[in-house]
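This structure is in structure tokens; I'll ask about it shortly.
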Amino acid sequence: MAIDHSRIIYLHGSESNSRSGKAQQFAARFPGMLTPDFTGTFEERMKQLDAILKKEKDWTIIGSSFGGLMGAVFALDHPEQVRKLVLLAPALNLDEFAARQLKPVSVPTVIVHGTEDDVVPLKPVRALAEKVFTNLTYFIVDDGHRLHKAFEELEWEKILSS
């Protein structure tokens, strides 16, 4: 199944932007996808995301670190709008996720997390993810927080289209 690249959005991390390495790699691989910049507090960033996604459906959301937290919260709040959620070392361990009413979500979710991640801890994040996402695929890779090796090794077309 061909995926509509205009329905893919990349959510960067808290200290990053749309010109980051991952954002540019995804944009090169999936021309036409959205790679907006987000600024401010978590709440401000979520308002920016809501304004971009509006009430449209069939989004594939790729979120990295803090962007993964944003994508996960959006999927919790608007599961009917999300076709697929791909989270890269998502910061689910932060209060913005843990303090929410965590009801099960059946949105197809893929998480890629490195065993050498020294920013977002693998075990507690995985435990939270397994409680919330009922249609979850987990890729544990030999990599750090930025997932440089994993980006080159994973079959993104397959991950995003399935």
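The values are calculated or read from the model by the stated rules, or taken from the named source; none is laboratory data. Note that the coordinates shown come from a computational prediction; the quantities given were computed from them, not determined experimentally. Counting neighbours? That spans all protein chains shown, and the Cβs are built from the backbone with ideal geometry, glycine included.
Hey, does segment 91-102 have a residue that's touching a Lys or Arg at 6+ places or on another chain (Cβ under 8 Å) and at pLDDT below 95?
yes
A further question follows. Do we have any residue at all in segment 71-80 that's touching a Gly at 6+ places or on another chain (Cβ under 8 Å), within 16 Å of Val110 (Cβ to Cβ) and not in a loop (DSSP other than H, G, I, E, B)?
Scanning segment 71-80, I find at least one residue that is touching a Gly at 6+ places or on another chain (Cβ under 8 Å), within 16 Å of Val110 (Cβ to Cβ) and not in a loop (DSSP other than H, G, I, E, B), so the answer is yes.
Can you say whether Ala129 is more than 16 Å from Gly71 (Cα to Cα), part of a helix (DSSP H, G or I) and touching a strand residue (DSSP E or B) at 6+ places or on another chain (Cβ under 7 Å), as far as the supplied structure shows?
no
Cβ contacts < 7 Å: first residue closer than 17 Å to Ala27 by Cα, restricted to segment 142-161; second residue buried (at least 17 other Cβ atoms within 10 Å of the Cβ) and of a type in the set (D, E, K, R), any location; separation 6+ or different chain. Result?
That search, which allows pairs on different chains as well, returns Ala150/Asp143; Phe151/Lys22; Leu160/Lys84.
Could you pull out the residue among Glu56, Glu15, Glu44, Glu96 that is more than 12 Å from the chain's Cα centre (by Cα), in a loop (DSSP other than H, G, I, E, B) and farther than 23 Å from Glu152 by Cα?
Glu56
Which pairs do you get when a residue that is at negative phi and loosely packed, with under 12 Cβ neighbours inside 10 Å, found in segment 35-50, comes within reach of a residue that is in a helix (DSSP H, G or I) and at pLDDT below 95, reach meaning Cβ atoms under 9 angstrom, with the pair 6+ apart or on two chains?
Glu43/Glu96
Which residues, taken from segment 35-56, are touching a Lys or Arg at 6+ places or on another chain (Cβ under 9 Å) and not charged (D, E, K, R)?
Scanning segment 35-56 gives Thr35, Phe38, Thr39, Gly40.
If you don't mind, there's one more thing I want to ask. Only one of these is within 24 Å of Ile52 (Cα to Cα) and touching a strand residue (DSSP E or B) at 6+ places or on another chain (Cβ under 9 Å): Leu160, Leu94. Name it.
Leu160
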